[in-house]
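Bear in mind these aren't lab numbers, they're just calculated from the coordinates by the rules spelled out. All values derive from a computational prediction rather than experimental measurement. Methodologically, a virtual Cβ is constructed for each residue, glycine included, from the backbone with ideal geometry; neighbour enumeration extends over all protein chains shown.
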Amino acid sequence: MVTLTHPDKVLWPATQRSQQGTKQDLADYYAGIADWMLPHITGRPCSLLRAPDGIEGQRFFQRHAMAGHSPLLKLIAVRGDKQPYLEIDTREALQQAAQLAALELHPWNGIPGDVDRPGRLVFDIDPAPDVEFVRVVAAARALRERLRTMGLHAFCKTTGGKGLHVVVPLATGTRKSEVASWQSAKLFSQALCAQLAADEPQRYLVNPSKAARKGRIFLDYLRNDRTATAVAPLSPRARPGAPVSMPLRWSQVRASLDPAKYTIHNAPALLAKDKPWVDYGNSAASLAAAARRLLGPR
């Protein structure tokens, strides 16, 4: 049982579109989505974006244990690092994250319990400020189709901001033909994005430079590295309106999609009515096979 201190602390001030969000609201939210979220973060190092005084106050990332560390937050030893990393793997750990005012959860993308092998790919579709959201939707669908031709199943979620994430679960079997390295994951994702950018250079680029991005969408493949993180499915965001990174059905990924409508106040009820990503756990496919299709034998 986690006792919240200052449960009425306002973490998200009210906006024209959303009511305020308190620490108690955050704790209730984590409780409401725990069963759905935990399979996507358990067994992986997880960075917490904390904002003890809310989104208008100081923010900082916590990756390791600090003074007064709660045993509810497990620690994962990572090869090459002297300090173990935080892990969230229980409903109580999520409640402790709320007590710490952890407004965002950013896990690694390795296999649960094995950070040295990729467990999923994450493509961040990151538009320049002058790009209309309908073009972000088109980019997600175009990327999904290219992944499909490689034998990979793609899922989509909002980022809680102006972009979308396309997420690909990977096979984690013991057969050599199914296992991929992080080097292969990065090469594959870079090559796939570069291919799309080369075909439509007026729309997309793989250069992260913000100056070069004007009028185009950055296809961010850089999340696909051993220590890289991506905001977790259903994680809140430290942004006005208390938005969340909402998993979607592909039928929802259309021109009328409004990412800002998904918040800590309504996401649990929406999940109770709908079942996005219901086949995620059964959709993992071989990255090694996809890489051979795209890159040829290596």
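Spin-label pair Trp250-Met1: with each label point 7 Å from Cα along the Cα-Cβ axis, the two points sit 4.7 nm from one another.
Considering only Tyr85, Tyr280, Tyr29, the mean-square fluctuation computed in a Gaussian network model of the chain, springs between alpha carbons under 10 angstrom, is largest for Tyr280. GNM remark for the chain: springs join alpha carbons under 10 Å apart, and the peak mean-square fluctuation among His165, His106, His69 falls on His69. For Arg216, the residues whose modelled amide H falls within less than 5 Å of its own, excluding neighbours fewer than 5 places apart on the same chain, are Ala128. Against the chain, whose longest principal axis is taken from its Cα atoms, helix 133-149 shows a tilt of about 60°. The angle between the Cα long axis of helix 23-41 and the longest principal axis of the Cα atoms of the chain comes to about 30 degrees, rounded to the nearest 10. Springs between Cα atoms under 10 Å define the GNM used for the chain, and in it the highest mean-square fluctuation of Leu257, Leu72, Leu170 occurs at Leu257. For segment 255-261, the Karplus equation 6.51 cos²θ - 1.76 cosθ + 1.60, evaluated at θ = phi - 60°, returns couplings of 4, 7, 4, 10, x, 5, 6 Hz by residue, with Gly and Pro reported as x.
Under 5 Å between amide hydrogens, built in the peptide plane, is the criterion, and for Tyr262 it picks out Val244 among residues at least 5 positions away or on other chains.
Normalising the Debye intensity of the chain to I(0), with uniform scatterers on Cα atoms only, and taking log10 at q = 0.10, 0.11, 0.13, 0.14 Å⁻¹ returns -0.54, -0.66, -0.93, -1.07.
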